[in-house]
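The next block holds one structure in the form of structure tokens; read it before the comments.
The values are calculated or read from the model by the stated rules, or taken from the named source; none is laboratory data. Remember, it's a predicted structure, so these values are computed and weren't measured experimentally. Positions of Cβ are generated from backbone atoms using ideal geometry, with glycine treated the same way; all protein chains shown enter the neighbour counts.
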Amino acid sequence: MSEGPDRGDLGPGEFHPVVGVGPHPKPWPTDAHFDPELLELGDRRNVVDKYRYWSVEAIVADLDTTRAKLHIAIENWQHDLNIGSVVRTANAFNVAGVHIVGKKGWNRRGAMVTDRYLHLFHHPTVADFKAWSLENGVAIIGIDNVPGCGNIEDSKLPESCALFFGQEGPGMSAEGLAACTEILGITQSGSTRSMNASAAGAIAMYAWAMQHVHNKAN
């Protein structure tokens, strides 16, 4: 019977061997974006092949050249476990910024260190986030299934906007809903009253990308 993978080959929070590369063959490349420590020891991070052996700073600088105009905002009043998963998805869509609204400390476990490659902003109150949105001309689109909301499937999303998500369970706060330019829900057909906040985040980001990324590519 074969043995399972050595626990040393597993990354934090993962249940399968980390996909990565070992030490870089010598002679090592000398370009400034390479990290000497990664070249020597190997790169086990969850990054695409293009960024193997690159320093975090170099990756962020390169991502900055192609950031989407999309922002993601999340209310953080209860240290919600789903915040990290939303952040990880935001990294996958290379958003312009992630805004934590409420408590500054948030549960980072689900982010799997992908927050290192994002621009994070903290707003102590919804009013502070609203002021930022007005100053920067970024419309706030609330994502929550509440009475009177539209549906994201049939809505035209602004290219420059912030998708605003509430907490798992209670959803968006009254202050959060009031700050929105528009509130959109995700049509459901089953018996559950609402879906997981991180799942809703992924659906909403993909809906935005279908309008402003994939259509351009085609």
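Just to check your reading of the model, which residue among Ser155, Ser133 is surrounded by fewer than 18 Cβ atoms within 10 Å (Cβ to Cβ), small (Gly, Ala, Ser) and touching a strand residue (DSSP E or B) at 6+ places or on another chain (Cβ under 7 Å)?
Ser155
Which number in (1) touching a residue at least 12 places away in the same chain (Cβ under 8 Å); (2) not in a helix (DSSP H, G or I) marks the one condition that Pro147 misses?
(1)
Kindly establish whether His71 is in contact (Cβ under 8 Å) with a residue 24 or more places away in the chain and surrounded by fewer than 16 Cβ atoms within 10 Å (Cβ to Cβ).
Considered against the rule, which asks whether it is in contact (Cβ under 8 Å) with a residue 24 or more places away in the chain and surrounded by fewer than 16 Cβ atoms within 10 Å (Cβ to Cβ), His71 comes out as no.
Considering only helices (runs of 4 or more DSSP H) fully contained in the stretch 25-125, which possess at least 3 residues that are more than 22 Å from Ala199 (Cβ to Cβ) and outside the structural domain of Asn136 (by TED's automatic domain parsing)?
Helices (runs of 4 or more DSSP H) meeting the threshold: 36-41, 56-64.
Out of the residues in the stretch 74-84 meeting the condition of being surrounded by 15 or more Cβ atoms within 10 Å (Cβ to Cβ) and hydrophobic (A, V, I, L, M, F, W, C), tell me which one is modelled with the lowest pLDDT.
For the stretch 74-84, the residue satisfying everything is Ile83.
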